[in-house]
Amino acid sequence: MIDFASVQRIANQTTNRFEFWQEFITYSQSEVVAEVGVFRGVFAEKILRHCTHIKTYTMVDPWRHLVGQYNEVANVSDDTFDSYYKETLRRTDAFADKRVVMRGTTQEVIDQIPDESLDFIYIDGDHTLEGITIDMIKWYPKVKPGGFIGGDDFGTTIFQMPLKFEPSPIFPWVVYFAKSMDAELYGLPHWQFLLVKPPVHGQKEFVFHDLTGGEYFDTSLKSQIVRGPLWYIKKQYISPIYQKVRRLISNSK
Ligand SMILES: C[S@@+](CC[C@H](N)C(=O)[O-])C[C@H]1O[C@@H](n2cnc3c(N)ncnc32)[C@H](O)[C@@H]1O
């Protein structure tokens with residue numbers, strides 16, 4: 001079991017997502033760990049180096065260009081994914097006895113994972129509505145009661161990428177998922193989330209703790225849609241022009 005004060009302490013004492021999860025996985029003594037969406041293996045390497053108590057670390061990623069899904073900036077070419085796959089193996093070679101490599105999408109590999117076998121899973125694969133829906137629903141039964149689902153890109157805007165890509169609705173989708181499962185959920189700094197799967201005996205109640213000091217105060221999708229494109233256009237186009245004009249004016253003085 002974990003407690004609120006400890007999660008809060010770890011969030012306050014760490015300065016990026018890598019440090020947070022290194023400390024959390026150590027604190028929770030999670031031994032059977034998985035990561036969905038591995039890319040170049042940066043996260044896997046950091047966790048394996050720091051959390052020496054881990055017994056198995058399963059890495060799930062197709063490492064191939066996906067057609068008709070995963071409309072995201074990270075959906076690179078087959079050749080690039082091949083090199084990322086090799087890079088991941090290189091980075092985690094020192095932990096070859098602990099690592100389990102599954103080269104496939106969630107749907108392609110999920111049946112190989114026994115139910116209630118994972119202490120902790122980090123979900124960082126396909127961030128589209130399709131992707132997060134499949135990942136949360138397919139992986140949830142694979143986590144032990146009282147175990148944890150961590151995840152990335154729990155962004156305070158669904159418009160994290162250029163508009164030609166799909167939005168990333170991880171926040172608030174995961175909030176609704178936690179609610180439907182009567183699970184405890186933490187909104188963390190660095191756009192991370194932590195869901196605690198209710199134990200068999202004990203508390204089974206949805207609670208959403210916002211540990212960012214208020215970034216996640218509005219869990220409606222509407223607020224993001226109203227603010228989203230305007231926020232994006234301002235950030236991407238108007239602010240750079242404004243900055244450029246300001247620089248030109250101050251240089252000409
Ligand atoms: C943002 S990257 C992961 C970054 C990595 N977790 C890190 O922190 O270093 C996303 C990865 O998700 C993978 N991916 C995309 N769709 C997937 C799916 N359906 N199942 C599993 N992985 C997927 C992509 O191939 C890509 O490598």
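All of the numbers you see were taken from the coordinates with simple rules; none came from a lab. The structure presented is a predicted model; accordingly, all values stated were derived computationally and were not measured. Here Cβ is always computed from backbone atoms with ideal geometry, including for glycine, and neighbour counts include all displayed protein chains.
Peptides 204-212, 21-29 ordered by packing proxy, namely the average of other Cβ atoms within 10 Å per residue, highest first: 21-29, 204-212. Converting phi to 3J(HN,Hα) with the Karplus coefficients 6.51, -1.76 and 1.60 and the offset θ = phi - 60°, the range 31-45 yields 9, 9, 10, 9, 10, 10, x, 10, 6, 9, x, 5, 5, 4, 4 Hz in sequence order, with x at every glycine or proline. The local environment of A183, defined by Cβ-Cβ distances under 11 Å, has a net charge of 0 under the rule Lys, Arg +1 and Asp, Glu -1. Based on the Cβ-Cβ distance from S117 to D182, what FRET efficiency comes out when R0 is 30 Å, to the nearest 0.05? My answer for the efficiency is 0.90.
For the chain, the relative contact order comes to 15 percent (Cα pairs under 8 Å, sequence separation of at least 6).
In this structure the amide hydrogen of L118, modeled in the peptide plane, comes within under 5 Å of the amide hydrogens of V143, K144, none closer than 5 places in sequence on its chain. Using the basic label-point model (7 angstrom from Cα toward the beta carbon), what is the T52 to F206 distance in nanometres? Going by the 7 Å Cα→Cβ label model, 4.3 nm. Each Lys or Arg adds one and each Asp or Glu takes one away; over the other residues whose Cβ falls under 10 Å from the Cβ of V109, this sums to -1.
Which order, highest average first, do 42-53, 96-107, 145-156 follow once you tally other Cβ atoms within 10 Å for each residue and take the mean per peptide?
Descending mean neighbour count gives 145-156, 42-53, 96-107.
Kindly list the residues of the range 26-68 that lie in the label zone of V100, defined by a backbone N under 11 Å from the point 7 Å along the Cα-to-C-beta vector. Correct set: 32-35, 56-60.
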